[in-house]
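K.L.:
Sharing a structure below in structure tokens format, with a few things to ask.
The values are calculated or read from the model by the stated rules, or taken from the named source; none is laboratory data. Keep in mind that what you see is a predicted model, and the values were worked out from it rather than measured. So basically every Cβ, Gly included, is an ideal-geometry build from the backbone, and we count neighbours across all protein chains shown. Surface accessibility is based on the protein's heavy atoms, side chains included, excluding ligands, DNA and RNA. Shrake-Rupley method; radii C 1.70, N 1.55, O 1.52, S 1.80 Å.
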Amino acid sequence: DVQLQASGGGLVQPGGTLRLSCAASGSTFRNYAIAWFRQAPGKEREWVSAIRTDGAYTYYADPVKGRFTLSRDTARKTAYLQMNNLTPEDTAVYYCARGRPILSQIRNPGSYSDWGLGTQVTVSS
């Protein structure tokens with residue numbers, strides 16, 4: 001019944017900025033954690049960031065800490081990933097996901113039951 005749609009990807013030069021959106025359809029956005037993962041060709045899917053249900057706490061992987069910011073708008077059923085100072089290492093397909101992870105499992109893809117199709121981010125000069 002739920003559907004997640006990730007959007008906002010594109011081609012950007014190193015040092016540039018993108019904002020990704022994750023919109024939920026067919027359900028409320030309340031009481032679920034939202035996370036972003038990314039996967040580059042030939043690499044495992046890696047956790048990027050997560051935000052708790054109340055939006056008061058956010059968590060970031062070390063490679064993006066200080067550059068990415070995750071927020072959510074409950075009324076619009078949308079989460080946002082603001083990405084600044086992008087580098088070629090950020091190139092990947094980015095996926096948003098929804099679930100109810102316990103704190104120790106927020107980095108685990110298996111903790112999230114709903115996934116979007118992903119949006120391509122390419123950082124290149």
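K.L.:
Restrict the check to region 18-40 and report whether at least one residue is over 24 Å from residue 86 (Cβ atoms) and in contact with a Leu (Cβ under 6 Å, 6 or more places away or on another chain). It would help to see each step written out before you state the result.
P.N.:
Looking only at region 18-40, we keep the residues that are over 24 Å from residue 86 (Cβ atoms), and these are 24-33.
Those still in the list that are in contact with a Leu (Cβ under 6 Å, 6 or more places away or on another chain) too: 24.
For region 18-40, residues over 24 Å from residue 86 (Cβ atoms) and in contact with a Leu (Cβ under 6 Å, 6 or more places away or on another chain): present.
K.L.:
Return the residue satisfying two criteria in turn: it lies in region 81-120 and is touching a strand residue (DSSP E or B) at 6+ places or on another chain (Cβ under 7 Å) and of a type in the set (Ser, Thr, Tyr), and of such residues it is farthest from residue 26 (Cα to Cα).
P.N.:
Residue satisfying both the conditions and the ranking: 87.
K.L.:
Of all residues in region 31-55, which are under 14 Å from residue 69 (Cβ atoms) and in a loop (DSSP other than H, G, I, E, B)?
P.N.:
Residue satisfying the conditions is 55 alone.
K.L.:
If I filter region 88-95 for residues that are more than 21 Å from residue 10 (Cβ to Cβ) and surrounded by 13 or more Cβ atoms within 10 Å (Cβ to Cβ), do I get at least one hit? Full working, then the answer.
P.N.:
Step one: of region 88-95, the residues more than 21 Å from residue 10 (Cβ to Cβ) are none.
Looking for residues that are more than 21 Å from residue 10 (Cβ to Cβ) and surrounded by 13 or more Cβ atoms within 10 Å (Cβ to Cβ), one finds none in region 88-95, hence no.
K.L.:
Please give the number of the condition residue 73 fails out of (1) open to solvent by 80 Å² or more (accessible area, probe 1.4 Å); (2) at pLDDT below 95.
P.N.:
(1)
K.L.:
Quick one: how many residues across region 65-112 are more than 22 Å from residue 40 (Cα to Cα) and basic (Lys, Arg)?
P.N.:
4
K.L.:
Moving on to the next point. When only residues in region 76-86 that are of a type in the set (S, T, N, Q) and not in a loop (DSSP other than H, G, I, E, B) count, which is modelled with the lowest pLDDT?
P.N.:
We begin by selecting, within region 76-86, every residue of a type in the set (S, T, N, Q); these are 78, 82, 84-85.
When the remaining residues are screened for being not in a loop (DSSP other than H, G, I, E, B), the result is 78, 82.
On the way: 78: 90, 82: 98.
Per the criteria, the residue is 78.
K.L.:
On to the next question. So which residues in region 59-70 are in a loop (DSSP other than H, G, I, E, B) and surrounded by 14 or more Cβ atoms within 10 Å (Cβ to Cβ), if there are any at all? Full working, then the answer.
P.N.:
Looking only at region 59-70, we keep the residues that are in a loop (DSSP other than H, G, I, E, B), and these are 61, 65-67.
Within region 59-70, 61, 67 qualify.
K.L.:
Moving on to the next point. Would you pick out the residues in region 40-80 that are out of contact with any strand residue (DSSP E or B) (no Cβ under 9 Å at 6 or more places or on another chain) and of a type in the set (Gly, Ala, Ser)?
P.N.:
The answer is 42, 56, 75.
K.L.:
Could you pull out the residue among 45, 52, 38 that is open to solvent by 60 Å² or more (accessible area, probe 1.4 Å), under 13 Å from residue 96 (Cα atoms) and among the basic types (Lys, Arg)?
P.N.:
Working: 52 fails: under 13 Å from residue 96 (Cα atoms); 38 fails: open to solvent by 60 Å² or more (accessible area, probe 1.4 Å).
Being open to solvent by 60 Å² or more (accessible area, probe 1.4 Å), under 13 Å from residue 96 (Cα atoms) and among the basic types (Lys, Arg) holds for just one of 45, 52, 38, which is 45.
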